[in-house]
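What follows draws every value from the coordinates through simple rules; no lab data is involved. Just so it is clear, the model here is predicted, and its values are computed rather than measured. All Cβ positions, even for glycine, are placed from backbone atoms using ideal geometry, and neighbour counts span all protein chains on display.
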Amino acid sequence: MNPSVALVTGAAGFLGSHTIEALLAQGHRVRGLDLPGARFEDSLGALLDHPGLSLDKRDLLDIPADDPIFAGVDVIYHCAGIADHVPSLQVPERYMQANVMAVVRVLEAARHHKVRKVINASSAAVYGIAAAPTAEDHPINPVNPYGLTKWMAEEACAHWSKVFGVATLSFRIFNCYGPRATASGPIGFFLKKAAAGEALTVTGDGTQERDFIHVSDVVAAFLAGAASEKSSAAYNLGSGRPETVNRLAELVGGAITYIPARPGEPKVILADTTRIRAELGWEPKVSLAAGIAALKTVG
């Protein structure tokens, strides 16, 4: 991809900051946008002084579509939003604003400024409890407001592509991990427990299988999508390689405590990655063993 101007929303967050790192490494100029109070210093560190990076602290919902921050932008990487699914049951309206209306604002800005493409970070939560491996044509059945908002955002992207000619791609991310990830996922939770010298808590017998994808592979898919001619599509973004929770615990290391399985917990969550491999030429590079080893070294 030739050097250009990119805008990354959620720039201080996990996905956003890693996307910025990759774009700057490729020579692109980057505008990062996040909420007032965002701590760019925690996620971007030495890159704060990078000559190709400019940062802005504003709420997307307060920025009009004709705002200059969008002018001259080639690709918008929309990584902003609220990711935790449990709180969405308590404050669904907040999720609608942050995960749906913010996407609409991005799409309207892209339409106004003729941005070449919008990359939308979606989630496997759109499927709900799904058959595995899960392909993109699997029925959509979100089981909480978080999954619903990610589906609505995807639908908005597809609609703006069809009706207004705004090129968009959505990526349904499975269990993403890596440096600076929160401790809410199983990997972050296990690493936090191990660092504290506590036993790793495994629900059920630990043979349940999950699809873990390293953040660097997620960002590589974003960049491949941005460089492609594809539009108005959604791709699964997982490793396509199932790993048991027991194997994850083994890689993290330490004592294990088994507790009863959660009611309704799926036995297997696994992405069918046939489409993204065929259409974007993308392949995951980081194995779970290598990814965990790197995190343990940093930690």
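A few points about this structure:
- Overall shape: prolate for the chain, with the ratio a/c of the largest to smallest alpha carbon gyration tensor axis at 1.5 or above and a/b above b/c.
- Taking label positions 7 Å along the Cα-Cβ direction at both Met101 and Lys162, the computed distance is 2.5 nm, reported to one decimal.
- Sorting 272-278, 209-215 by average packing, meaning the other beta carbons within 10 Å per residue, from highest down gives 209-215, 272-278.
- Distance between the pseudo-spin-label points of Ser232 and Thr201 (7 Å out from Cα toward the beta carbon): 4.7 nm.
- Annotation: for a label point projected 7 angstrom from Cα along Cα→Cβ of Arg241, residues of segment 276-299 with backbone N closer than 20 Å are 276-298.
- Cα gyration tensor shape of segment 43-98, rounded if a/c is under 1.5, else prolate or oblate by comparing a/b with b/c: oblate
- Count Lys and Arg as plus one, Asp and Glu as minus one, and take only other residues whose Cβ is under 15 Å from that of Val115; the net charge is then +3.
- Taking 0.36 nm per residue of separation and subtracting the Cα-Cα distance, full extension of the segment from Lys296 to Ser184 would add 38.6 nm.
- Relative contact order computed over the chain (Cα-Cα under 8 Å; 6+ residues apart), in percent: 16
- For the chain, the longest principal axis of the C-alpha atoms and the axis of helix 186-195 are separated by about 60°.
- In this label model, Thr274 and Gln90 are separated by 4.2 nm, measuring between points 7 Å along each Cα→Cβ vector.
- Note on Lys162: lysines with a C-alpha under 29 Å away, same-chain residues under 8 apart excluded, are Lys114, Lys117, Lys150, Lys230.
- C-alpha center-to-center spacing [segment 1-36, segment 229-264] in angstrom: 27
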